[in-house]
Structures are given as C-alpha cells and as structure tokens.
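See structure below.
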Amino acid sequence: MRATLANLLVLVSALCFQTGLQAQEAAPGRAMIVFDGSGSMWGQIDGTAKIVTARETLSRVVGGFPKTLEVGLIAYGHNRKGDCSDIETLVPVGPAASQAGRLVASVRALQPKGKTPLTEAVRRAARELRFQEDKATVILVTDGIETCEADPCAVASELESLGIDFTTHVIGFGLNEEEGRQVACLADNTGGVFLQAQNADALADALQKTVTLAPPAAPAVPQPTLEKNLAASVTLEEGGAPLTDADGVRVFWTAIPAGGGAEIRLLARPQITERLEPGAYRIVARTDRGSAAARDIEVSDTEITEVRLTLGAGKLDLSAVMANRDLGLSDTDFLWEIENLATGERFTVYKRALVKVVPSGRYRARLVVTRLEKMSPGSVELDVLTGETARAEVVADTSKVLFRAFNRDGGELTRHDVRFNIYRGPSTTDQGAFVKMVIGGDPVFLLPGHYALRTEAWDGSKREPVLQQVTVEAAADQTVEVTFP
C-alpha cells in the first residue's frame, strides 16, 4: 500500500503530463493540485504515515512534470482541527520547471490535522486558475470524503457550466464503493476521470489507462459488458439470512486466481458487488473475529456470479448493567475482555453493550470498568452455537467515593495538602493490594467491599499518616472523612 500511495503521486504527474500535451499547440497547460492534508493522512501504511510517503514520492516525481505545464498547489485541513475554512494556496500557479522546489518544500511542511473541505478547495482552485477565462484542470488527491456539509456534485456541475473548458480529475485511495460515488461526480460532471485504488494491481491498471487517455473529444475506452460481475455474501449457518453492516461484523474478501497470481483484496463488508476479470478464482471470506469460509468460482463478462458462504458462527451479545446510572459513568467507561476458550484467541471491545459475530465455541467474557483500578465487576462463560445468539450480562455495582481530610479544629486540608492511598482488604502494607493514590478533592470509583485507607498530610506539618478501615457500599455515592489527631 505504501507503493500504492507512491503511485498515486506518479499519477498526478501523468495527469499533469496529459494536460500539458493537450494544450501544447496553443498555450501551456494550467493545472492546480488539490492535496488532502486532513488528519487521516497520519494513518499508517506498512508502518509509515501516508503523509511521510507522500513527501518522499512527490520529491521523486515532480521533476517529471512537462516543461510546458503551469502548476500550483492547494492543501486543506493542515492548519487547524475542525475548521472547514482551512484551505490554503501553498504554491501559486507557475511554470513547472521553476516550481519543483516549492512544491516539494510545501508538501514536506504539511502537518495533517483537520477536516476535509474538498468541495470548497476545488472551487478555490478553479478561481485561481481563472476557469471562466482559460482552460483549467484541477487534480484532487483525497483519502476521504467531504466532511463540511458541501455538495461536490452540485459544485462540479456549476463549475462546468461557468468555465471555458474546466475539468476535474479525482484520485481516491482507500475509499469504499459508497465513498467513491460521493467524490466521483466531481470528475463525471466535468468530463474528468475518477480513479479508485484499492490494491497495487488495480492502481497499476489505472495508471496504464490514464497515461494513454485521449483528449476529452476522443471516443471513450470501451467498457466491459458488466460493470460488476460478482455478488458475494455470508451467513452464520446454512440457509440463514445474509449478514449486513447492521450485524456489526467486518468481512474481509479475497479472490485468488486459479492459475496462480497475486491475491486480490476486495471490499471489507458482509455483502459486496465487485468486478473481476473473467476466469476461475477461489473466493475467501474472513471475519474480524476468526471465522472463515471459501469456494471455487468461475467469473464471466456476461453474467453475475453469486456466491453465498456459510461461516459456521454465532453471535455474542454482552451488556453491562449499571446499578447506579447517576454516578457519571458513560458507555465509554466500559470494556469487555473476551477469550475463545478452545483456541485461546482474545480480543477487547470498548463498549458497555456489544453484539459480535464469532466462531462457534465456548467463551469467557470479563467486564472491566476502566475507571476502576485493577478490579472487575465480574466474568461470565457461555457457549456460542452456530446460527444462534448467546446473551449474558454483568451487573456493575460500582460506587463513587470522595475522601476528605480535616484537622482537629475542623479545618479541611486543601487539594494539594493531602494524599489518600487506597488498599483492597485490611492491610496498608501489602503492595499487591494497592489500588490507587488520590489527591484531595478527586473522587474515585470502587467496587463494594472493605478497604484500608492510608491518609498522608502534605502540608509541611510532618504528621504521622492516619490509618483507617473503610467499607464501600454497593452502587453508592458516598463521602469518607478522615480527621488528623
């Protein structure tokens, strides 16, 4: 995938080259690269952030831009978080031969952090290219969809109708089918091309087609008989209903050519429709929790091949019941540690309630309240049967306790003058029973039971610590007071 991102910027060069060739007879081509600087560019591919790979790749390809091309650079989402106006012209349009250094330096300085106002960025690029006076080409490179409540399709149609000869090419990577449709209209509505890259093979094919594209007036490349020739889905059991996105399961699909060759990665959803070159394949579905199924298939250009695989799995339905919902705990304060007792596979889900598709078998699920220190309200063991749902709940009778310390005269020690050391059980000397140290004024969440409390004064008085036994009631909101003698 790192090579994929590298090739995307090579594709920018190819598109710029095309723009230059088409305008050589009249005047130099003019293009503006609109570059994604949103926070998602810190996502890693093969252990390296996408923005890092982008910097390295642009340094290599920028020297290949046509000398007749005039090019500039706009970036969005790289200055501020949550700001839909964060769009900046980093390099104004100018001769490519003299822009290489500025383009490289600008991309190297990008620090992705914000939103994705790609629609307004394309509009700004069009204005800077004087699209109502001259031919203008915008090349949008994005790894996300619009996040600023704009309509890219409507804006594309508007720019196309107002421009002299306006075109937008869109390069998307890592987008699913629906996300691709949301940005493809920028190209479709302006006579440009939309290129989707889901794997290295697909990207290489897209690059090959792009560099051989004729001018817009030339006939389009013939399309295959069927745009999609594979429809695949999974079920829990034989004859069961197909799973959907609502079932909360990720299904990773791959197609392995029967005659040998690289594995083809498809969309990661329970139901997919895809395009494969005609031939024989082994289609494989794997879930994010260990279930798998496979089948040998034949794919043609004249009919849709339908595949339905059975996972031999069931559903795990777990929920934590808060005995006192008024303590300030939220759904994000809970997690489940789940273990398949047959295989030893373990996974963690950060939710108070969850439904997960898992391979059939026996499981242990341990509830953890993340704001409890080293303690769990309980665990359950249950059997997940094929095609069925195993349900269980654990009561979280968590309590919130506030500790306060006073002098003999009734004056309370301030926040930074007192420390409370909490131990599970009767002893304050057993470090294995230590729970937490709390400064004055901070409440702590504890399970019901008996605790030992060691209160230390940090006000310079050098008084001896006070040792005290404390009983925490179930699902309580209580205050414990300590008085120094």
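The values are calculated or read from the model by the stated rules, or taken from the named source; none is laboratory data. Since we're looking at a predicted model, the values are computed, not measured. Don't worry about glycine lacking a Cβ; one is built from the backbone with ideal geometry, like all the others, and counts go over all protein chains shown.
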**Message:** Among the listed residues VAL435, VAL470, VAL466, identify the single one that is surrounded by 14 or more Cβ atoms within 10 Å (Cβ to Cβ), touching a Lys or Arg at 6+ places or on another chain (Cβ under 7 Å) and either among the aliphatic types (A, V, I, L, M) or in the same structural domain as GLU237 (by TED's automatic domain parsing) (or both).
**Reply:** VAL435
**Prompt:** Of the residues in region 102-152, how many are more than 17 Å from GLY43 (Cβ to Cβ) and either β-branched (Val, Ile, Thr) or not assigned by TED's automatic domain parsing to the domain that holds VAL71 (or both)?
**Reply:** 6
**Complete:** Within region 332-343, the residues that are surrounded by fewer than 17 Cβ atoms within 10 Å (Cβ to Cβ), touching a residue at least 40 places away in the same chain (Cβ under 8 Å) and not β-branched (Val, Ile, Thr) are LEU341
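Looking at region 44-63, can you tell me whether even one residue there is at pLDDT 80 or above and under 32 Å from the mean Cα position of the chain (by Cα)? Spell out how you get there, then give the answer.
Of all residues in region 44-63, those at pLDDT 80 or above come to none.
The answer is no; no qualifying residue exists.
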**Asked** Which residues, counting only those in region 441-455, are of a type outside the set (Val, Ile, Thr), buried (at least 19 other Cβ atoms within 10 Å of the Cβ) and within 18 Å of ASP477 (Cβ to Cβ)?
**Response** PHE445, LEU446, LEU447, TYR451, LEU453
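If you check GLU70 against the conditions, is it at pLDDT 90 or above, of a type in the set (Asp, Glu) and closer than 24 Å to ALA136 by Cβ?
Values: at pLDDT 90 or above: no; of a type in the set (Asp, Glu): yes; closer than 24 Å to ALA136 by Cβ: yes.
Answer is no for this residue.
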**Request:** Could you list all residues from region 352-372 that are over 23 Å from VAL234 (Cα atoms) and surrounded by 16 or more Cβ atoms within 10 Å (Cβ to Cβ)?
**Result:** ARG352, ALA365, ARG366, LEU367, VAL368, VAL369, ARG371, LEU372
**Request:** Just give me the residues in region 397-426 being surrounded by fewer than 14 Cβ atoms within 10 Å (Cβ to Cβ) and hydroxyl-bearing (Ser, Thr, Tyr), in sequence order.
**Result:** THR414
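Could you pull out every one of the helices (runs of 4 or more DSSP H) wholly within region 72-183 that has 1 or more residues that are in contact (Cβ under 8 Å) with a residue 60 or more places away in the chain and aliphatic (A, V, I, L, M)? First the steps, then the outcome.
Working: elements: 96-109, 118-128, 152-162.
Passing ranges, in order: 96-109, 118-128.
Looking for whichever is farther than 23 Å from GLY240 by Cβ and without any contact (Cβ under 8 Å) to a residue 12 or more places away in the chain here; the options are ARG371, ARG346, ARG364. Which one fits?
Values: ARG371 fails: without any contact (Cβ under 8 Å) to a residue 12 or more places away in the chain; ARG364 fails: without any contact (Cβ under 8 Å) to a residue 12 or more places away in the chain.
None of the others qualify; the one that does is ARG346.
Go over the candidates ASN421, ASN407 one by one and state the one that is over 30 Å from ASP317 (Cβ atoms) and under 40 Å from the mean Cα position of the chain (by Cα). Steps first, please.
Values: ASN407 fails: under 40 Å from the mean Cα position of the chain (by Cα).
So the residue among ASN421, ASN407 that is over 30 Å from ASP317 (Cβ atoms) and under 40 Å from the mean Cα position of the chain (by Cα) is ASN421.
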**Item:** Single residue of region 275-322 satisfying the filter (surrounded by 16 or more Cβ atoms within 10 Å (Cβ to Cβ) and among the basic types (Lys, Arg)) that is farthest from ASP397 (Cα to Cα)
**Value:** ARG308
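Rundown of residues vs (1) hydroxyl-bearing (Ser, Thr, Tyr); (2) more than 28 Å from SER379 (Cβ to Cβ); (3) at pLDDT below 95; (4) in contact with a Gly (Cβ under 7 Å, 6 or more places away or on another chain), yes/no style:
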site: PRO278; (1), (2), (3), (4): no, yes, yes, no
site: ILE283; (1), (2), (3), (4): no, yes, no, no
site: ALA292; (1), (2), (3), (4): no, no, yes, no
site: MET322; (1), (2), (3), (4): no, no, yes, no
site: LEU327; (1), (2), (3), (4): no, no, yes, no
site: ASP331; (1), (2), (3), (4): no, no, yes, no
**Asked** Across region 124-181, what is the number of residues that are at positive phi and charged (D, E, K, R)?
**Response** 2
**Prompt:** Scanning for something free of Cβ contacts under 8 Å to residues at least 24 places away in the same chain, out of contact with any Asp or Glu (no Cβ under 9 Å at 6 or more places or on another chain) and farther than 22 Å from SER330 by Cβ, does region 384-394 turn up at least one residue?
**Reply:** no
**Request:** Considering each residue of region 273-328, count those that are among the hydrophobic types (A, V, I, L, M, F, W, C), over 16 Å from PRO242 (Cβ atoms) and in a strand (DSSP E or B), and give that number.
**Result:** 11
**Asked** Since ARG325 meets every condition but one in (1) surrounded by fewer than 16 Cβ atoms within 10 Å (Cβ to Cβ); (2) in contact (Cβ under 8 Å) with a residue 12 or more places away in the chain, which condition does it not meet?
**Response** (2)
